[in-house]
Amino acid sequence: MWTSSGGSSASSKTAKRKSSSTAGSAFNEKAAEKMFEEFAEEDDPTVMGMDGIIKLCEHVDLDPFEDKRVLVLLWKLGSKEKPSQITKEEFLTGCYNLHVDTIGKFQSLIPSLDTGFLDEMEFKDFYKFCFQFNRQGTHRTLDKELVVALMKMVLTGRIPDDRLESFCTFVETQEAYTRITLDQWTSFLDFCFAVPDLSQYDESSSAWPVLIDEYVEYMEELQKKK
Amino acid sequence: MATNVGNQRIIPLEEGWNDEIKAKAIDKLEALLNGEMKSGSMFGPKEYVQIYTTCYDMCTQRSPYNWSRELYQRHGETIEKYLTTTVLPALRDKTGQGGTILLTELRHRWLNHQIMNKWLKKFFTYLDRYYVKHHSLPTLSQAGLRCFRTKVYDEMKGETTNAILGLINDEREGKIIDKSLIKSVVELYESMGMGSLDAYNSDLEEALLNSTREYYAKKREDWINDSTPDYLIKAEEALTKESKRVDDYLNSASEMKILKVVEEEILERVEMVLLEKESSGCRALLQNDKSEDLQRMFRLFSRLENGLNPMAAIFQNFISSMGDDIVNRRQARLEGGEKDKNDDPKFVKSLISLHEKYLGVVKQDFSGHSLFQKALKDAFVEIVNKNVGQFTNAELMSTFCDRILKSGGEKLSESEVEESLDRIVQLFSYLTDKDMFAEIYRNQLAKRLLTQRSTSDDSEKLMIAKLKMQCGTQFTSKMEGMLSDLAVGSEQRSEFENRMRSVDSKLDFSVQVLTTGFWPTYKSPEVALTPEMSKCMDIFKDWHEQKHQKRKLTWVLSQGNASVRGVFGKKSYDFQVSTLQAIALDAMNNGVTMTFQELATKLNAEESILKPLMHSLSCGKYKVLIKTPPGNKINPTDTFTANPKFTSNMRKLRIPMATLESSLNTKRVEEDRTIAIEAAIVRIMKARKTLQHQQLLSEVLNQLAFFNPNPRDIKKRIEGLIDREYLERSADNAQVYNYLA
């Protein structure tokens, strides 16, 4: 399956792309480039910002605010350098890997963007990307409301509904944390996999972030009230 | 008659046996033993040689006239016959007449047997030398002994043992018995083991242990209704007596076993009952200071494995409840309306006395045993950390030290001071939040030092040394720094004084330089100074700059002191005031009247400083200024003027001013703790590279000696460090951390 690419030097990727001529459809780098230019930032043609991304989504009939496949797409393309954008280099490399060089090909790609296709490791990587991508500017944390919305969008179906629901309610209503860190974000998913049954939870030996300890406490309080 | 080669005549078996050996040796021997002859007429040397020679000859004659085998056999038969026909019946005859009679007879027969054995061996010695060895047979002595064992001992041992046990119980009940008799019979048992104690153990000791157990089980039932001290006295006595008994007439190997049985029956089985008796148990003894009884209780229960643990638990509980009482009394006083201050010497002294008293009990009554030391410690850790009211015990203890160390506090001799400090440090060692104590202590120390109200430099050093010994150098480094600043200051004072003299200033001026970091942080208000003051300060600044170019000076006017001469009509006074107060008084000189605002402008002082300042001069005990309108509160609309009617009996007066600093910087301590936790985590992870969560937690707790963070706080710091990328969670195991270089 797909894994996020990137990290190798730009020139070698370019070289690879140019010399590719596998049987079947060859990758048309020029076409991909042209596509990028349509969506690139006005004042910086090497970067596609949120405006461009939204435009791209419109072209392929994806709702950029509600449909998590947008995030999957950006993840698979390999946006890494900064949040809320994708660089030209990343885009072109991504397109090459995904074998898309036209809008039409993007459109036919969409069904494969369902997260159901991802195994646990891949999903964790994607999930982490969701946090990183949604950061604003130089902030390293996310606002808790955004976190709740994101979680609901991305985790539904992947973890039990009641767990997701109760955790989101908890995050919204508690007052100690207004922002959520990456560690808290990623730990929550690991926690869902590792501790499906809250009655098994043992705080004294747990390394989970305090946020999660407090969540378990919150759930225990709710139980008592019943 | 056959003849030998040579002159020797061959002795035939029967002739040699009947005429010589039996008649002259055996019969005579038996008669002697039976008391039919005078014992004085035992075998003389001539007689003996003759018999011996006969045997010798009979054993060295050449075959078929060598009678070794026959003689050996007949030796055994002789003894056997004697035992069976003479000795055993005699013993049986003495049964049923009481133990002493039986034992006496047995002793007699045993002694006889030893004599018989000895003489027969002497006669037949030659057999022992060659025949016995050659045929790997028991020696004559062994054979004789075995004979006694099978024919007499085995038959009589049951009754003999019963006889002995009966006598022992008699002795236990207080009757006089013949100890040496029993001792002799015990020696018989020992010998019957043929080199081991097996016979003694299985035929006597085992039964003795059982009867001992029975006996003391019954005694226990009798005694158990006594008070605990009375019971224990009896128990101790019993153990002493049993020990002596073994010494008197039993085999020493039995001592441990017997004592163990007795201990089990009279101590172990009823330990909890004894300890928990309502009015005479362990708690009651502690309550009533029954030192001797406690010592006995300790002695006796130390004999048992884990015998001291229940005692130590009761001891700990007792001290805890005494401590609770002290804490509750304080609470009651506060609830009853007493002002909640950071000074409660009554409370601290009560804790100290409690500690001293039971430290003594541990040393004297419990021989300083570690279980009891720990019980005392655990109890005090619990007590000392129970805070009531708005001030922690850490603060109360620090203020207690302040009282002792400042002039005008408690009046104590040098040795009393040392003793008190010593004891406070002991209490201090039980505090969880030691860093809180340190912070408060430091603030109070600084105040003493800066207002020159410390009784003695030596006492200050002493206390710091004691704290250092408890907690290490790091704990006291700032305090020591403060003292060294003062030492340096006084060294340089004379040098600076010379400088001042050369400039001919009107003010007697000196400066104390404080190293930032050692001292608490003080506010440094930028107040407008009098010209004379400014001049002095500039002189110092120059002088200091010459000495230390790179150091930056910041004036801390809030901590300075001044002496101001006030002339009111004909009388004059010396006021000991703070620098700020001096500046205010200067502004009020010559009878001027000023409003609050005017003063604020002239002095360039903020309201938060000017208010307490003016309050101290116009609303306190010594109203050097008059405030209009009068009252206890300073309002920005007030006006002030010097008080022409001011008078006092004393010439020298100190006018205190409310402190501008908060007395305790809790925030600072919290910050320090956060830093300490993070530093510990990083230090540990750097060394270990990778560590499981639980282990990291416990190592952190180990390293933090001066406070006890809860696991959640440590976790929060870990999360912080993960965020700042000092650590990461391991990809394989979310419970493991890796250090990121």
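Restricting the trypsin sites (Lys or Arg not before Pro) of region B:600-632 to loop positions (DSSP other than H, G, I, E, B) with no more than 12 neighbouring Cβ atoms within 10 Å leaves B:K621. Averaged over the residues of B:727-739, the number of partner chain Cβ atoms lying within 10 Å of the residue Cβ comes to 2.
Label positions at B:K411 and B:R9, each projected 7 Å from the Cα along the C-beta direction, are separated by 12.1 nm.
When N counts the residues of the protein assembly as shown, how does its alpha-carbon radius of gyration compare numerically with 2.2 N^0.38 Å, as a ratio? Provide the component values of the computation, followed by the final result.
Details: Rg = 50.7 Å, N = 967, 2.2 N^0.38 = 30.0 Å.
Against the compact-globule rule of thumb, the ratio is 1.69.
Largest accessible area first, the residues A:K152, A:K68 order themselves as A:K152, A:K68 under a 1.4 Å probe with ligands, DNA and RNA left out.
Taking every pair of alpha-carbon atoms in region B:666-739, give the share separated by more than 19 Å as a whole percent. If you can, show how the numbers build up before the last one.
Working: 732 of 2701 pairs.
Distances greater than 19 Å cover 27 percent of the Cα pairs.
Taking Lys and Arg as +1 and Asp and Glu as -1, the other residues whose beta-carbon sits under 10 Å from that of B:F646 total +3.
How much length, in nm to one decimal, is gained on full extension between B:K570 and B:R329, taken as 0.36 nm per residue of separation minus their Cα-Cα distance? Before the final figure, lay out the partial values.
Details: separation 241, 0.36 × 241 = 86.76 nm, distance 5.28 nm.
Gain in length upon complete extension: 81.5 nm.
May I ask you to derive the FRET efficiency for B:R69 and B:A31 from their Cβ-Cβ distance with R0 = 25 Å, giving the value to the nearest 0.05?
Values: r = 28 Å, r/R0 = 1.11.
Step by step, r from the Cβ atoms, then E = 0.35.
Just so you know, the Rg over Rh for region B:317-359 is 1.02, from Cα atoms, with Rh as the Kirkwood radius.
Checking the Cα-Cα distances for A:K124/A:K226; B:K118/B:K183; B:K94/B:K157; B:K349/B:K374; B:K157/B:K234 against a 25 Å cut-off, the pairs over it are A:K124/A:K226; B:K157/B:K234.
The phi-based Karplus calculation (6.51 cos²θ - 1.76 cosθ + 1.60; θ = phi - 60°) puts the 3J(HN,Hα) values of region B:43-59 at 5, x, x, 5, 4, 4, 4, 4, 5, 4, 4, 4, 4, 3, 4, 4, 8 Hz, whole numbers, x for Gly and Pro. Sparsely packed loop sites in region B:14-78 (the GluC sites (Glu not before Pro) outside DSSP H, G, I, E and B with at most 13 other Cβ atoms within 10 Å) comprise B:E36.
Simple spin-label estimate for B:D542 and B:K461 gives 3.7 nm between the two label positions (7 Å along the Cα-to-Cβ direction from each Cα).
Across every pair of non-identical alpha carbons in region B:548-676, the mean reciprocal distance, once inverted, gives a Kirkwood radius of 16.3 Å. Using the Cβ-Cβ distance between A:A26 and A:T169 with R0 set to 45 Å, the FRET efficiency from 1/(1 + (r/R0)^6) comes to roughly 0.30.
Taking θ as phi - 60° and the Karplus parameters 6.51, -1.76 and 1.60, the scalar couplings of region B:529-546 work out to 9, 6, x, 4, 4, 4, 4, 4, 5, 5, 4, 5, 4, 4, 4, 5, 4, 5 Hz in sequence order, x denoting glycine and proline. Seen from B:L239, the other residues with C-beta closer than 9 Å to its C-beta sum to a net charge of -2, counting Lys and Arg as +1 and Asp and Glu as -1.
In debye to the nearest 20, how big a dipole does region B:560-654 give about its Cα centre with +1 on each Lys and Arg Cβ and -1 on each Asp and Glu Cβ? Provide the component values of the computation, followed by the final result.
Numbers: 13 positive and 6 negative charges, 120 e Å.
Dipole size: approximately 580 debye.
Within the protein assembly as shown, antiparallel bridges make up roughly 85 percent of the DSSP beta bridges whose residues both belong there. For region B:608-741, with all protein chains in place and a probe radius of 1.4 Å, 52% of the accessible heavy-atom surface sits on carbon or sulfur.
Give B:K547/B:K602; B:K602/B:K633; A:K55/A:K144 a once-over and call out the pairs whose C-alpha atoms are over 25 Å from each other. Display every interim value, and only then the final one.
Working: B:K547/B:K602 34 Å; B:K602/B:K633 21 Å; A:K55/A:K144 27 Å.
The pairs that break the limit, which is 25 Å between Cα atoms, are B:K547/B:K602; A:K55/A:K144.
For region A:34-98 versus region B:620-637, the inter-centroid distance based on Cα atoms is 74 Å.
On the principal axes of its alpha carbon atoms, region B:337-397 extends 43, 17, 16 Å, with the longest extent given first. Comparing the full protein assembly with the isolated chain (1.4 Å probe, heavy atoms, ligands and nucleic acids excluded), the residues of region A:185-207 losing at least 40 square angstrom of accessible area are A:S205, A:A207. With the convex hull of the Cα atoms taken as the outline of region B:310-471, the averaged projected area works out to 9.8 nm².
When the listed pairs A:K82/B:K686; B:K623/B:K645; B:K523/B:K552; B:K277/B:K386 are checked against a 19 Å cut-off, the alpha-carbon distance exceeds it for A:K82/B:K686; B:K277/B:K386.
What fraction of the Cα pairs in chain B, stated in percent, has a spacing above 41 angstrom? Mind dumping the intermediate values first?
On the way: 171006 of 274170 pairs.
Tail of P(r) above 41 Å: 62 percent of Cα pairs.
The ellipsoid that matches the Cα gyration tensor of region B:608-722 has semi-axes, each √(5λ) in whole angstrom, of 57, 15, 9, with the longest given first. Considering only B:L405, B:T240, B:W17, the residue lying farthest towards the positive end of the dipole of chain B is B:L405, judged by Cα position with unit charges set on Cβ.
How large is the dipole of region B:310-471 about the Cα centre if only Lys and Arg carry +1 and Asp and Glu carry -1, each at its Cβ, rounded to the nearest 20 debye? Show your work: numbers first, answer last.
Values: 24 positive and 25 negative charges, 28 e Å.
Dipole magnitude for region B:310-471 comes out near 140 debye.
Between beta-carbons, use under 15 Å as the cut-off and find the net charge around B:H369, counting Lys and Arg +1, Asp and Glu -1. Show your work: numbers first, answer last.
Values: positive: B:R296, B:R299, B:R303, B:K363, B:K374, B:K377; negative: B:E305, B:D365, B:D378.
With Lys, Arg at +1 and Asp, Glu at -1, the neighbours total +3.
Taken as Cα centroids, region B:452-523 and region B:390-447 sit 19 Å apart, rounded to the nearest whole angstrom.
Computed extension gain for B:R92 through B:Y130, at 0.36 nm per residue and net of the alpha carbon distance, reaches 9.8 nm.
Send over the Kirkwood Rh of region B:254-384, from the inverse of the averaged 1/r over different Cα pairs, rounded to one decimal Å.
Working: mean 1/r = 0.0615 Å⁻¹.
Hydrodynamic radius (Kirkwood, Cα pairs) of region B:254-384 is 16.3 Å.
Put simply, the Cα atoms of region B:203-307 extend 49, 22, 22 Å along their principal axes, the longest span coming first.
How tilted is helix B:206-223 with respect to the longest principal axis of chain B? Cα atoms for both, answer in degrees (0 to 90, nearest 10). Approximately 50 degrees, to the nearest 10. Which listed residue (A:Q184, B:S510, B:P45) has the Cα farthest towards the positive end of the charge dipole for the protein assembly as shown, taking +1 on Lys and Arg C-beta and -1 on Asp and Glu C-beta about the Cα centre? It is B:S510, whose Cα lies furthest towards the positive end.
Protein heavy-atom accessible surface, 1.4 Å probe, per residue over the protein assembly as shown: 52 Å². Between the helical axis of B:711-723 and the longest alpha-carbon principal axis of chain B there is an angle of about 60 degrees. What angle, in degrees between 0 and 90 and rounded to the nearest 10, separates the Cα long axis of helix B:607-618 from the longest principal axis of the Cα atoms of chain B? Its long axis makes an angle of about 90 degrees.
When both bridge partners sit in chain B, DSSP labels roughly 85% of those beta bridges antiparallel.
From the P(r) of chain A, could you give the percentage of C-alpha pairs in the tail past 31 Å? Working shown, then result.
Numbers: 7561 of 25425 pairs.
Percent of Cα pairs beyond 31 Å in chain A: 30.
Over region B:203-307, with every protein chain in place, what whole percent of the accessible area is carbon and sulfur at 1.4 Å, could you tell me? Intermediate results must be reported in sequence, preceding the final value.
On the way: 2300 of 5190 Å².
Carbon-and-sulfur percentage of accessible area, whole number: 44.
Total accessible area buried between chains B and A, 1.4 Å probe, in Å² to the nearest 100?
Numbers: alone 39110 and 12270 Å², together 50010 Å².
Buried area (both sides, nearest 100 Å²): 1400 Å².
To the nearest 20 debye, what is the magnitude of the charge dipole of region B:397-441 about its Cα centre, counting +1 on the Cβ of each Lys and Arg and -1 on the Cβ of each Asp and Glu? Provide the component values of the computation, followed by the final result.
Working: 5 positive and 10 negative charges, 26 e Å.
Dipole size: approximately 120 debye.
Set the Förster distance to 60 Å, then compute FRET efficiency between B:E495 and B:L304 from the Cβ-Cβ distance, nearest 0.05.
Details: r = 72 Å, r/R0 = 1.20.
About 0.25, to the nearest 0.05.
Working from label points 7 Å from Cα in the Cα-to-Cβ sense, the B:N288 to B:T515 distance is 6.0 nm.
The values are calculated or read from the model by the stated rules, or taken from the named source; none is laboratory data. Owing to the predicted nature of the structure, the values given are computational and were not obtained by experimental measurement. Note that each Cβ is placed from the backbone with ideal geometry, even for glycine, and that neighbours are counted across all protein chains shown. Calculation scope for accessible area: heavy atoms of the full protein, side chains included, ligands and nucleic acids excluded. Shrake-Rupley method; radii C 1.70, N 1.55, O 1.52, S 1.80 Å.
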